[in-house]
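Notes follow the structure.
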Ligand code: FAD
């Protein structure tokens, strides 16, 4: 079985990087692609209990994927990631800093 921690770090990097380069004004096809990608990802993710919990979280209306713009998609992914952080007892990430972390780079 895959190393769940390493798989997780790589996967979050991929997901947040996709959001970071997602259009500010996605057309309907791009929004459909994002929704389908997330949906397929949640069913194919190779840690099965992770995938099950992620699907469960997304099923509630308030957690449905938001793909209408880069910032909406980024914020939604940040909330999804924080849900896992909370489950694992990790610190929550400040989602106002999502863009800084994943798009523009930290300012130290
Ligand atoms: P990660 O959580 O992998 O984060 C990587 C980097 O992202 C951090 O260093 C930080 O800079 C940044 N970051 C942190 N939080 C956020 C945020 N909210 N928004 C944006 N950036 C952020 N592991 C389990 O043990 N059980 C599970 O059920 C589980 N479910 C998962 C479900 C999914 C969909 C994914 C992708 C991963 C899941 N994981 C799960 C893995 C887990 O989330 C972590 O990736 C893993 O524990 C390694 O954690 P880490 O502390 O190295 O940082």
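No lab work stands behind these numbers, since they all come straight from the coordinates. None of the values given here were measured: they were computed from a predicted structure. As a convention, Cβ positions derive from the backbone with ideal geometry for all residues, glycine included, and neighbour counts pool all protein chains shown.
Worth pointing out:
- Length gained on full extension, residue 51 to residue 86, computed as 0.36 nm times the residue gap minus the Cα-Cα distance: 11.0 nm.
- GNM on the chain, alpha-carbon springs under 10 angstrom: the most fluctuating residue among 14, 88, 44 is 88.
- Rh (Kirkwood; distinct C-alpha pairs) - the chain, Å: 14.4 Å
- Remark: spin-label model distance residue 10-residue 94 equals 3.2 nm, labels positioned 7 Å along the Cα→Cβ axis.
- Paramagnetic label reach from residue 3 (point 7 Å along Cα→Cβ; backbone nitrogen cut-off under 19 Å): within region 45-81, residues 46-48, 50.
- Stretch gain in nm, segment residue 104-residue 21, where the contour uses 0.36 nm per residue and the Cα spacing is subtracted: 28.8 nm
- Listed from fewest to most Cβ neighbours within 10 Å, the set 84, 4, 67 follows the order 4, 84, 67.
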